[in-house]
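**Student:** My structure is below; once you've seen it, I'll send some questions.
The values are calculated or read from the model by the stated rules, or taken from the named source; none is laboratory data. For clarity, every value in this text was computed on a predicted model and none was experimentally measured. Heads up, the Cβs are rebuilt from the backbone with ideal geometry, glycines too, and the neighbour counts pull from every protein chain shown. When the accessible area is computed, the model is the full protein with side chains, heavy atoms only, and any ligands, DNA or RNA have been set aside. Shrake-Rupley method; radii C 1.70, N 1.55, O 1.52, S 1.80 Å.
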Amino acid sequence: MSSRKNESGRPENAAPRFARRNFLKTSTVAAAAGASLLAAAPAAAQDRAQAPPTDTGGRGRRYVIRGGAVMSMDPKVGDFEVADVLVEGKNIAAVGRKVNAPGADVIDARGRIVMPGFVDTHHHLFETAERAFLANGLLLDDGSGSPSAFPNYGQHILQGFARVYRPQDVYINELFAGLSQLDAGVTTVLDVSQIHHSPEHTDAAIQALIDTGRRAAFGFFEGDGRAGARYPEDARRIRDRWFSSDDQLVSMVMGGELHLGREVYTRSWAIARELDVKIAAHSVGSWGMRPVFDDVAEGIGGVQVGPDNLFIHMTGMSDQTWKRFRDAGAQVSLAVPIEMVMRHGTPPILKMQELGMEPSLSSDVETTMAADPFTLMRSAMSMQRMVVNQMVLDQGEGVPPTNWPTPAKGTPELLNVRDVLRYGTIVGAEHLGLGGRTGTLTPGKQADIVLLDATALNVAPLNSVPGAVVSLMDRTNVETVIVAGEVRKWRGRLLNVDLSRLRRELEASRDHLFKAAGIRRDLFAYS
């Protein structure tokens, strides 16, 4: 059964791809069934050990993903309870109920949901070694003396760990984080790597993104300002060396932080527009950023906002700034779990609804929260519905007959699962300038595809494809991941990756960073 909506995607930009290769049966006979229900199924029924198609993503290579429940995220293509997706080389060639593909290899997708890979529009990949270090942590020290105030992000990450990163630390942290997200079905990311202390740090970050083998936008943000740092001028060298072609899996975004001061941000924005790359910047009122954003919105900040701007968080900003940025065509990325937990401010989903805007979703920092797309989608939907549901209940008096009031006119619509799926795929791709390349299963776009196991214990029986993905699934359901036609994860396992060795390298980096930052390692002290 095919269903259609009305919305679509548009143009692109993308970056060289160099991959690092080094039922249970039920019975009506209750007594005898007890043991047989729990017995292992025959080997043939369990066997999904088929090898992946070879040379996927190569020119002329064809394979068909057959028999899955296909959620294309493109209203012109539609959704199918059972359908096929044909991949030729890097691209999607066809999507339909029965695709004729003689001679093509077959990927059996029966019992699987086939959909576009997820897009994360803001992730500090370099901080992987500090995972869960700030499980309680706030953005800044609020003077309370509580475990949430100390340690905190500003003092212990940006002013602590970040200052002692070596280029090799940047590389292994970014690579491991990238592979972890790839394993979770995130095929595209904006890497906000505020670790550009030197050109060597920068090159290590870019190489790690390339070696991860997924689609990425490399964010050239500031470092700690030490002698030898070349932000933002080094963007020209970076563009020439790493991003001279538009036909690449990794592309470039300029970090243009307004809180760095007018002299710096006016230079970075000018260079970005000279090089024709998007500009990303954090916008957090609780960090003290609102005055400069108000100046820019009023036209006295020295720069002009446009469709090439992506603002991250937008918490605590004035109504005037919101309206002027909306009118200018700027986009907004929300990191809902982090914004709620670290006191950035209430995620401004209702403000965006009021203005007719849609956010992309981002994970932000693994120092404090998981970086998988299921956490992001559920958090956004739950937070918005909590606020709106209480708003509706408050319109009554809490006792019959007004304990369940009809929402008053003007009450925001509740977010639904298709909304957050859209945010996490097509909207994210659009916000990174990659809407013509990824975000939907559209013939002609590149094949960034995930196969999600709907037969798993946490999902079966499948009753709603969008509902299952958002409300039930987690990273364990991500069975196969494809980027630009190449199978990168197969039947639950990343391909061509020595995770044990990489984990040891990451642990060695963590040990160095804790020692160099003067922070004692203790598995129980910080939470």
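**Student:** How much accessible area per residue does the chain have, in Å², with a 1.4 Å probe? Could the numbers behind the result be given before it?
**Tutor:** Numbers: 22150 Å² over 527 residues.
The answer is 42 Å² per residue.
**Student:** Further question on the same structure: Restricting to Cα pairs below 8 Å that are 6+ residues apart, what does the relative contact order work out to for the stretch 166-242? Please round to a whole percent. Display every interim value, and only then the final one.
**Tutor:** On the way: 104 pairs, mean separation 26.8, N = 77.
Taking the mean separation of contacting Cα pairs over the length of the stretch 166-242, I get 35 percent.
**Student:** Still on this structure, please answer the following. Check which residues have an amide H placed less than 5 Å from residue 342's amide H, if you skip close sequence neighbours.
**Tutor:** none
**Student:** So, in nm, how far is label residue 244 from label residue 503 when the simple model puts each one 7 Å beyond its Cα toward the Cβ?
**Tutor:** Simple spin-label model gives 4.0 nm for this pair.
**Student:** Tell me which of 189, 178, 440 sits at the most positive position along the dipole axis of the chain, charges placed on C-beta atoms (Lys, Arg +1; Asp, Glu -1).
**Tutor:** 440
**Student:** Determine the dipole magnitude for the chain: charges of +1 sit on the beta-carbon of Lys and Arg, -1 on that of Asp and Glu, nothing else is charged, the reference point is the Cα centre, and the result goes in debye to the nearest 20.
**Tutor:** Working: 58 positive and 61 negative charges, 273 e Å.
For this selection, approximately 1320 debye.
**Student:** Got the relative contact order for the stretch 48-113 handy, in percent, Cα pairs under 8 Å and 6 or more residues apart?
**Tutor:** On the way: 128 pairs, mean separation 25.0, N = 66.
Relative contact order for the stretch 48-113 comes out at 38 percent.
**Student:** In the neighborhood of residue 255, defined by Cβ-to-Cβ distances under 11 Å, what is the net charge if each Lys or Arg adds +1 and each Asp or Glu adds -1? Numbers along the way, then the final one.
**Tutor:** Numbers: positive: 278; negative: 191, 222, 257.
Result for the local shell: -2.
**Student:** In whole percent, how big is the carbon plus sulfur part of the accessible area of the chain, probe 1.4 Å, protein atoms only? Can you show the working numbers first?
**Tutor:** Numbers: 11740 of 22150 Å².
The computed percentage sits at 53.
**Student:** Continuing with the same structure: Please work out whether the stretch 411-494 counts as rounded, prolate or oblate from its C-alpha gyration tensor, where a ≥ b ≥ c are the square roots of the eigenvalues and a/c under 1.5 means rounded, while otherwise a/b larger than b/c means prolate and anything else oblate? Walk me through the numbers before you get to the answer.
**Tutor:** Numbers: a/c = 2.38, a/b = 1.02, b/c = 2.33.
Oblate, because a/c is 1.5 or more while a/b does not exceed b/c.
**Student:** In addition: Where Lys and Arg each count +1 and Asp and Glu each count -1, what net charge lies around residue 345 among other residues with Cβ under 14 Å from its Cβ?
**Tutor:** Details: positive: 290, 343, 351; negative: 142, 339, 364.
Local charge sum for residue 345: 0.
**Student:** If you average the alpha carbon positions of the stretch 244-260 and of the stretch 189-235, how far apart do those two centres end up, in angstrom?
**Tutor:** 9
**Student:** Give me the percent relative contact order of the stretch 397-516, please, defined on Cα pairs under 8 angstrom at least 6 residues apart. Don't skip to the end; give the middle numbers.
**Tutor:** Working: 104 pairs, mean separation 19.4, N = 120.
Rounded, it is 16 percent for the stretch 397-516.
**Student:** Apply the Karplus curve 6.51 cos²θ - 1.76 cosθ + 1.60, θ = phi - 60°, to the phi angles in the stretch 307-323 and return the couplings in whole Hz, x for Gly and Pro.
**Tutor:** Taking θ as phi minus 60°, the curve returns x, 8, 9, 10, 9, 9, 5, 6, 8, x, 8, 6, 4, 5, 4, 4, 5 Hz for the stretch 307-323.
**Student:** HN-Hα J couplings of the stretch 507-512 from phi, Karplus 6.51/-1.76/1.60, θ = phi - 60°, integer Hz, Gly and Pro as x?
**Tutor:** Once θ is set to phi - 60°, the couplings for the stretch 507-512 become 5, 5, 5, 4, 4, 4 Hz.
**Student:** Continuing with this model, one more query. Within the chain, what percent of beta bridges assigned by DSSP are antiparallel, to the nearest 5? Provide the component values of the computation, followed by the final result.
**Tutor:** Details: 29 of 66 bridges.
Bridges in the chain are about 45 percent antiparallel.
**Student:** Take residue 525 and residue 266, extend 7 Å from each Cα along the Cα→Cβ direction, and tell me the distance between the two endpoints in nm.
**Tutor:** About 4.6 nm, to one decimal.
**Student:** A follow-up question, please. For the stretch 300-389, just say rounded, prolate or oblate: build the C-alpha gyration tensor, square-root its eigenvalues into a ≥ b ≥ c, call rounded for a/c under 1.5, and beyond that prolate if a/b exceeds b/c, oblate if not.
**Tutor:** prolate
**Student:** Count charges around residue 360 for me, please; just the other residues with Cβ under 9 Å from its Cβ, Lys/Arg as +1, Asp/Glu as -1. Could you put the intermediate results ahead of the total?
**Tutor:** Details: positive: none; negative: 120, 358, 430.
For residues surrounding residue 360, the net value is -3.
**Student:** Protein chains only, probe 1.4 Å: how do 193, 382 rank by accessible area, largest first? Spell out each step's value before the answer.
**Tutor:** Values: 193 0, 382 75 Å².
The most accessible residue leads, giving 382, 193.
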